[in-house]
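Read through the structure below, which is laid out as structure tokens, and then see the notes.
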Amino acid sequence: MGTPLEKWVEETARLTKPERVLFCDGSEEENRRMLAEMVRGGDSFELNEKTYPNCYLHRSNPNDVARTEQVTFICSAKKEDAGPTNNWMAPEEAKTKVGAIFDGAMRGRTMYVVPYVMGPVKSPISGMGVEITDSAYVVANMRIMSRMGKVAMDRLGSSGEFVPGLHSLADLNPERRFVLQFPEEKLIWSVGSGYGGNALLGKKCYALRIASVLAREQGWMAEHMLILGLESPGGKVTYMAAAFPSACGKTNLAMMVSALESQGYRVWTVGDDIAWMKTGADGQLHAINPEAGFFGVAPGTGKHTNPNVMVALRKNTLFTNVAMTPEREPWWEGMESDPPAGLIGWKGEAWDKSKGPAAHPNSRYTVPANQAPSISPKWDAPEGVPISAFIFGGRRARLAPLVYESFDWQHGVYVGATMASETTAAITGKVGVTRRDPMAMLPFCGYNMGDYFRHWLEMGKRVPRPPKVFHVNWFRRNADGKFLWPGFGENVRVLKWILERVEGRGEAEETPIGYVPARGALTLDGIKVSAEAMEELLRVNPADWEPELTATKEFFSKFGERLPRELLEEHTRLSRRFDRVSSART
Ligand code: GTP
Ligand code: SPV
Ligand code: MN
């Protein structure tokens with residue numbers, strides 16, 4: 001007979017035809033074999049064992065350096081259930097077409113069976129997955145990013161309660177690369193990529209695309225959000241979750257060293273990318289971080305921007321597509337040291353300035369979460385942490401003020417649904433193009449986004465004490481294209497105002513889009529931002545918002561009947577508020 005897992009493994013082995021099958025237990029010894037296997041493969045290197053003990057550099061295929069949204073599909077039975085923002089493929093077509101690529105794809109290779117828990121092992125909010133892969137690099141990453149191996153098998157037992165995910169590198173041909181989610185079957189198939197969110201199936205494919213479907217069915221939330229605790233003087237910790245699109249500052253915010261530490265404000269890291277949230281007995285949403293590590297963007301990370309992670313990644317860390325110094329240390333742009341002579345670029349070439357960035361702009365580190373000096377004592381609490389504020393944000397060079405608060409939950413859902421951001425290197429494609437990215441979930445929502453907005457509205461009614469909803473923008477620029485706000489550790493000043501608003505203190509001024517901090521309400525002592533820059537940072541300019549309202553309307557029209565009417569009502573209210581402001585001026 002066999003367990004559901006054994007049956008699936010057998011069936012998969014018949015399809016992919018590996019040379020051998022290995023069930024991963026997650027042990028030290030096994031990990032050493034994985035790392036040795038990676039090194040033998042010729043694309044991975046052990047780093048300086050004195051300064052970076054147990055750290056490795058992996059170079060991916062240069063055609064495979066970021067998530068590929070154009071080949072990511074939601075394979076629901078009906079196209080409408082994938083919705084206008086997702087690529088869709090019929091399940092039978094997907095099984096035939098991509099099944100043919102999987103056929104024999106593991107010939108001559110080892111098939112690794114990787115059982116894992118997403119979330120603290122004993123948490124009722126956690127979930128189980130099993131990834132089958134032919135990549136030792138994926139196994140080594142999954143060991144950092146999830147609770148993998150024996151702990152997971154012990155929790156699973158003989159039950160079938162896991163999300164199966166099948167992954168093969170196949171021939172890494174971009175023409176034969178597919179990332180498929182089957183929301184009805186709760187199944188993942190990914191082939192032809194070994195990179196990040198395409199290949200570590202517990203992350204985006206399960207913890208967001210499949211989990212968002214489960215969350216809607218079961219009345220909880222799976223979101224592309226960091227989770228942090230803000231400690232205030234006296235030691236109280238208030239938890240917040242923030243949704244920013246890829247490479248827009250989640251890891252940095254979650255791990256920041258507070259500029260107001262001497263005043264008693266400190267940030268504790270619970271998670272840096274994903275939050276799973278269920279209503280607790282206290283009526284608040286309780287969040288867990290389903291991951292166990294950080295898969296963070298390397299460029300721009302340095303001892304001034306993110307000192308905590310710079311400490312964390314000095315051991316047991318996998319680096320992907322960064323440069324390497326002659327001392328076999330990792331190097332990237334923004335590390336705050338000049339590129340040393342003899343630097344080897346991310347493709348393995350002798351590097352000089354003419355070759356462009358030495359580290360790929362989407363190069364990453366994979367580091368165990370518990371190595372971060374800022375890790376919250378609650379980061380693996382089974383009950384999660386109660387969330388008092390949701391924060392949306394993105395890269396908006398011109399439009400959005402530094403921070404504003406929504407009027408209420410429904411308006412907050414509108415603020416999230418109308419988010420937009422300039423694209424980054426985290427996704428294959430053009431960088432710097434403004435695109436609508438509701439709740440930072442555009443690439444990660446496993447079903448029709450109109451239904452997703454409805455689910456958000458329903459959660460506001462279902463959760464007795466829902467979080468207050470805010471929007472931030474660290475990326476507003478002046479006329480010369482320079483950032484107006486210093487960002488990073490200084491962002492705590494904005495978190496402090498958010499905390500004060502949550503506690504019913506904090507002075508605010510009403511604008512058509514929501515409440516912005518009143519003059520003097522942000523703690524600005526010791527910061528080098530001019531009064532004019534501050535004025536610009538908090539400005540809500542009706543002339544700028546006019547095209548935004550048009551763009552929003554256009555975006556909403558894609559959803560037709562599936563768009564909740566509440567969002568259209570919010571849109572009308574916002575337009576009226578702007579009309580009132582401009583008529584008051586003329
Ligand atoms: P994903 O892992 O792709 O989901 O990204 P993320 O949202 O965690 O972004 P991350 O914190 O890694 O930041 C991405 C880039 O934005 C890095 O190069 C950072 O240096 C930069 N960044 C982060 N926070 C700030 C900020 O407050 N101001 C400015 N100017 N840049 C920032
Ligand atoms: C993102 O792109 O949002 C990431 C990196 O967190 S990846 O895991 O590659 O999706
Ligand atoms: Mn992310």
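When you look at Val179, is it surrounded by fewer than 24 Cβ atoms within 10 Å (Cβ to Cβ) and modelled with pLDDT of 95 or more, yes or no? It is false that Val179 is surrounded by fewer than 24 Cβ atoms within 10 Å (Cβ to Cβ) and modelled with pLDDT of 95 or more. Residues of the stretch 429-470 that are touching a helix residue (DSSP H, G or I) at 6+ places or on another chain (Cβ under 7 Å), more than 19 Å from Ile210 (Cβ to Cβ) and assigned to a loop (DSSP other than H, G, I, E, B): Pro466 alone. Between Ala426, Ala508, the distinction of being open to solvent by less than 60 Å² (accessible area, probe 1.4 Å), among the hydrophobic types (A, V, I, L, M, F, W, C) and near ligand 1 (Cβ under 10 Å from one of its atoms) belongs to Ala426 only. Tell me, yes or no, whether the stretch 430-453 has at least one residue that is open to solvent by 40 Å² or more (accessible area, probe 1.4 Å), among the charged types (D, E, K, R), on the phi < 0 side of the Ramachandran plot and in contact with a Lys or Arg (Cβ under 8 Å, 6 or more places away or on another chain). No, every residue in the stretch 430-453 fails to be open to solvent by 40 Å² or more (accessible area, probe 1.4 Å), among the charged types (D, E, K, R), on the phi < 0 side of the Ramachandran plot and in contact with a Lys or Arg (Cβ under 8 Å, 6 or more places away or on another chain).
Which of the following residues is under 17 Å from Pro124 (Cβ atoms), hydroxyl-bearing (Ser, Thr, Tyr) and more than 13 Å from ligand 3 (Cβ to nearest atom): Thr238, Thr279? Exactly one residue qualifies, and that residue is Thr279.
Among residues of the stretch 31-45 that are under 14 Å from Val138 (Cα atoms), those with a Cβ under 7 angstrom from a residue that is charged (D, E, K, R) and open to solvent by less than 60 Å² (accessible area, probe 1.4 Å), sequence gap 6+ or separate chain, pair up as Asp43/Arg59. Within the stretch 268-294, the set of residues being touching a Lys or Arg at 6+ places or on another chain (Cβ under 8 Å), surrounded by fewer than 22 Cβ atoms within 10 Å (Cβ to Cβ) and in a loop (DSSP other than H, G, I, E, B) comprises Asp282, Gly283, Gln284.
Against the list (1) under 30 Å from Met335 (Cβ atoms); (2) away from ligand 2 (no atom under 14 Å from the Cβ), the condition Val237 fails is (1). Annotation note: Cβ proximity below 8 Å between a residue of the stretch 346-363 that is in contact (Cβ under 8 Å) with a residue 40 or more places away in the chain and a residue that is in a strand (DSSP E or B) and open to solvent by less than 70 Å² (accessible area, probe 1.4 Å) (sequence gap 6+ or interchain) occurs for Trp346/Ala323; Ala359/Ala323; Ala359/Trp331; Asn362/Val297; Ser363/Val297; Ser363/Phe319; Ser363/Thr320.
In the stretch 60-110, what residues are β-branched (Val, Ile, Thr) and over 23 Å from Val138 (Cβ atoms)?
Across the stretch 60-110, the qualifying residues are Thr85, Thr96.
Within the stretch 52-94, the set of residues being basic (Lys, Arg), surrounded by fewer than 16 Cβ atoms within 10 Å (Cβ to Cβ) and part of a loop (DSSP other than H, G, I, E, B) comprises Lys78 only. What number of residues within the stretch 342-381 satisfy the criterion of being more than 21 Å from the chain's Cα centre (by Cα), at negative phi and away from ligand 2 (no atom under 16 Å from the Cβ)? Within the stretch 342-381, residues that are more than 21 Å from the chain's Cα centre (by Cα), at negative phi and away from ligand 2 (no atom under 16 Å from the Cβ) number 14.
The condition of being part of a loop (DSSP other than H, G, I, E, B) and of a type in the set (S, T, N, Q) holds for only one of Thr572, Thr523, that being Thr523. Please specify each residue of the stretch 317-339 satisfying the condition of being of a type in the set (Phe, Trp, Tyr) and assigned to a loop (DSSP other than H, G, I, E, B). If the condition is that a residue be of a type in the set (Phe, Trp, Tyr) and assigned to a loop (DSSP other than H, G, I, E, B), then Trp332 is the only one that fits.
For (1) over 15 Å from the mean Cα position of the chain (by Cα); (2) at pLDDT below 95; (3) more than 14 Å from ligand 3 (Cβ to nearest atom); (4) open to solvent by less than 10 Å² (accessible area, probe 1.4 Å), each residue gets a yes or a no:
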| residue | (1), (2), (3), (4) |
| --- | --- |
| Glu184 | yes, no, yes, no |
| Val191 | yes, no, yes, yes |
| Glu217 | yes, no, yes, no |
| Asn252 | no, no, no, no |
| Arg266 | yes, no, yes, no |
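For the stretch 141-151, the candidate set comprises residues that are surrounded by fewer than 24 Cβ atoms within 10 Å (Cβ to Cβ) and assigned to a helix (DSSP H, G or I); within that set, the residue that is farthest from the chain's Cα centre (by Cα) is Lys150. Figure legend. Inter-residue proximity from the stretch 467-496: first residues without any contact (Cβ under 8 Å) to a residue 12 or more places away in the chain, second residues within 10 Å of ligand 1 (Cβ to nearest atom), beta-carbon distance below 7 Å, spacing 6+ or different chains. Indicated pairs: Phe483/Phe475; Phe483/Arg477. A count restricted to the stretch 220-250 and to residues that are surrounded by 21 or more Cβ atoms within 10 Å (Cβ to Cβ) and either of a type in the set (Gly, Ala, Ser) or within 16 Å of ligand 1 (Cβ to nearest atom) (or both) stands at 20.
The values are calculated or read from the model by the stated rules, or taken from the named source; none is laboratory data. Model, not experiment: these values are computed from the prediction. Quick reminder, even Gly has a Cβ in these numbers, built from the backbone with ideal geometry, and neighbours come from all protein chains shown. Heavy atoms of the whole protein, side chains included, go into the accessibility calculation; ligands, DNA and RNA do not. Shrake-Rupley method; radii C 1.70, N 1.55, O 1.52, S 1.80 Å.
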